[in-house]
Structures are given as C-alpha cells and as structure tokens.
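Comments concern the structure below.
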Amino acid sequence: MTDPRFERSVVYICIHSDDGAMGLIINKPIEALGFRDLMQKLEIPVSSNRAGGLVLFGGPCDTSTGFVLHSGEYKSTEATLSMGKVGLTATRDILCEIAAGSGPRRWLFALGYAGWGPQQLEAELASNGWVHCEADESLLFDIEHSSKWRAALGKLGIDLSGFSAEAGRA
C-alpha cells in the first residue's frame, strides 16, 4: 500500500455492503494522546481504577469522530452495530461507561475510520492492494498493537523473516 497512512495497517472491516465499506485501523496508536487525556478533554470523569488506554488512529476519514470496537457481550440501547463476537459503538455513553470502569469487557478506541465507496474495496483487493484474513478476538484485543500486522500475516502462513528488502538477480 503506497499511502503511508495505510502502510502496515491492520484494518478491521466493520461494514461492507453494495454502498461501500467502513473499517477501523486497529494497530496504530496516536502517540501523543492517551484515553485518559482524551476523556479529560471531553470532560468525562475517569475512575481511579480505570487503567489508561491508547487512542488509535482509526483512519483518515472523519478524524474528529470516535469509535469503540468492543467485545460482543456489551449491548447499548442505541447505536451499537453487532458483528457477532464484536460490536461497534460510537456514542458518548459508552465512553462514560468505560471511563467509570464499566461498559464492555474488552475494547479499542479509535478516532476516524477508513472508508471505501461502492466496489472500491473489491477493486483494491483484486489488484492485491490488501491481503485479508479472518479476524478474531485475540487479534483485536490480546496482541500488542506493534505486533498485530505480523500476527495477521501469520494467520495466512506468511513469515516475514524469509523476506528481504534487497532486490537483485541470480
């Protein structure tokens, strides 16, 4: 991928239909912004028992909007998109619950999203712009962000240790 915003990105596709696709980059923390810092800016009190968390760069579209990708047991009365074992919620209420120490058992918070128009993602896949694998909760929530790209490739049987950045002829 030649766009540096997507280089070595792991994108969880949340919505895919005839109208296009929407996903969140799940492995690129915003270095200068933590979850506690963001909650303070939003004037949402954070419980003293709430561990800090990272804020992820979810993608280049609508970077002022936050999205919580979370474990599927969490159900909200509004705006939760359920994808089986994973849900997506984009309300202030879920942030308040997480900050208070409740809410979903597992979660990632991202600012912005990656979006594709009708048939755009399919065209990029067909031209080998992306490789894809099945997502699972471990890849989403257990693996360190810096290791997710290699882990996703590993799910496809790709081991990068056998590749070289050098080119040549035999």
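Throughout, read-outs are computed from the coordinates displayed, never taken from laboratory work. Quick caveat, the model's predicted, so the values are computed rather than measured. A quick note on method: Cβ atoms are made from the backbone with ideal geometry, for glycine too, and the neighbour counts reach across all protein chains shown.
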- Could you put T2, T89, T65 in order, starting from the residue whose Cβ has the fewest other Cβ atoms within 10 Å? T2, T65, T89
- Largest first and to the nearest Å, give the Cα extent of region 96-138 along each principal axis. 45, 23, 13
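Within the chain, count lysine pairs with alpha carbon atoms under 23 angstrom apart where the residues are 8 or more positions apart or belong to different chains.
Working: K28/K41; K28/K85; K28/K148; K28/K155; K75/K85; K85/K148; K85/K155.
The number of close lysine pairs in the chain is 7.
Per 0.36 nm of contour for each residue apart, how much would the distance between A32 and T2 grow if the chain were fully extended, relative to their Cα-Cα spacing?
Numbers: separation 30, 0.36 × 30 = 10.80 nm, distance 2.46 nm.
In short, 8.3 nm is gained.
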- Note on the structure: For the pair A100 and H16, the simple spin-label estimate (label points 7 Å beyond Cα toward Cβ) gives in nm 3.6
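Placing unit charges on C-beta atoms (Lys and Arg positive, Asp and Glu negative, everything else neutral), compute the dipole magnitude of the chain about its Cα centre in debye, rounded to 20. Walk me through the numbers on the way to the answer.
Values: 15 positive and 21 negative charges, 86 e Å.
Taking the Cα centre of the chain as origin, the dipole is about 420 debye.
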- Query: Taking neighbour Cβ counts within 10 Å as the exposure measure, how do I98, I143 sort from fewest upward?
  - Reply: I143, I98
- Rg/Rh over Cα atoms for the chain, Kirkwood Rh, comes to 1.00
- Per-residue Cβ neighbour rank within 10 angstrom, fewest leading, H132, H145, H70: H132, H145, H70
- Could you calculate the contour length gain from K155 to E43, that is, 0.36 nm times the residue separation minus the distance between their Cα atoms, to one decimal place in nm? 36.3 nm
